[in-house]
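Below: the structure, in structure tokens.
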Amino acid sequence: MVAASLQKLLDELERLPGVGPKSAQRIAYWMLNTDRATAVRLADAIVEVKDTVRFCSRCFNYAEGDLCQVCASPERDHRTICVVSEPRDIPPIERTGAFRGVYHVLGGELSPMDGIGPEQLHIAELMGRLADPAIDEVIIATNPNVEGETTAAYLSRQIKPLGIRASRLASGLPVGGDLEFADEVTLGRAIEARRTL
């Protein structure tokens, strides 16, 4: 038998993505064994993020003001837009240090089976941004799955008549990977996206 307040905490933790019963127990018991100040800091951080973070009015990334840090930065190349599915897709790209443009978050990917069409995504807002004659390129960085490929193909068809270069992230073999363990689709894409040395 578990105390009612502890069971309530376990139930809430299990609702988090990727947290099952055992993980919920580990987190809950850590919270019980830590000092009160640490638990309060965690609770305050959760409440603060819910109260202060919203979507950027331009790109739909997470922001604390009207614009996110990327859109507000004059040091970014505002002529190049990288289109991603979700805000969580931006940090991995940023960590590479290879992209200095700005972003546009669709808020998902096309999935007719799930009732997600162009109207449910921020595609109209993207097309509005592309009316700016300063835009040179749109990099489509949706996931390399059926929905992501469908979304990329749809966006490419919408962007092409505008005369703006549309590119897709290359996909293929990871660095340090072995050919013998690569699946046929990944290996095929690596061959198609090969470059001259």
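Would you please give the residues with an amide H less than 5 Å from that of H104, counting only those at least 5 places away or on a separate chain, with H modeled from the backbone geometry?
Amide H neighbours of H104, under 5 Å, 5+ apart: C82, V83, V84.
Quick check on the chain: what does the Kirkwood estimate of hydrodynamic radius come out to from the alpha carbon pairs, in Å? All intermediate terms of the calculation are to be shown ahead of the outcome.
Numbers: mean 1/r = 0.0499 Å⁻¹.
About 20.0 Å, per the Kirkwood formula over Cα pairs.
Kirkwood hydrodynamic radius (Cα pairs, Å) of the range 85-145? Walk me through the numbers before you get to the answer.
Details: mean 1/r = 0.0769 Å⁻¹.
It works out to 13.0 Å.
Using modelled backbone amide H atoms (1.01 Å from N, in-plane), which distant-in-sequence or interchain residues come within less than 5 Å of R165's amide H?
Distant-sequence amide H within range of R165: V138.
Of all beta bridges DSSP finds with both residues in the chain, what is the antiparallel percent, to the nearest 5? Intermediate values should be presented prior to the final figure.
Values: 3 of 16 bridges.
Of all bridge pairs located within the chain, approximately 20 percent are antiparallel.
Using packing as a proxy for protection, rank 109-118, 44-53 so that the peptide with the highest average count of other Cβ atoms within 10 Å comes first.
On the way: 109-118: 13.9, 44-53: 10.0.
The peptides rank, most packed first, as 109-118, 44-53.
Taking the range 98-175, which chymotrypsin sites (Phe, Trp or Tyr not before Pro) meet the DSSP loop condition and have no more than 15 other C-beta atoms within 10 Å?
Working: sites: F99, Y103, Y154; in loops: F99.
Answer in residue order: no site qualifies.
At 222 nm, what value in deg cm²/dmol follows for the chain if DSSP H runs of at least 4 each add -39500 (n - 2.57) and the sum is divided by all its residues, to the nearest 500?
On the way: 8 runs with 82 residues, N = 197.
Calculated mean residue ellipticity at 222 nm is -12500 deg cm²/dmol.
Which of the peptides 145-153, 126-134 is most tightly packed, and how do the rest follow, judged by the mean count of other Cβ atoms within 10 Å per residue? Please report the intermediate quantities before stating the final value.
Working: 145-153: 16.8, 126-134: 12.7.
Top of the packing list down: 145-153, 126-134.
Each value in this text was obtained by applying a stated rule to the coordinates, not by laboratory testing. Remember, it's a predicted structure, so these values are computed and weren't measured experimentally. Don't worry about glycine lacking a Cβ; one is built from the backbone with ideal geometry, like all the others, and counts go over all protein chains shown.
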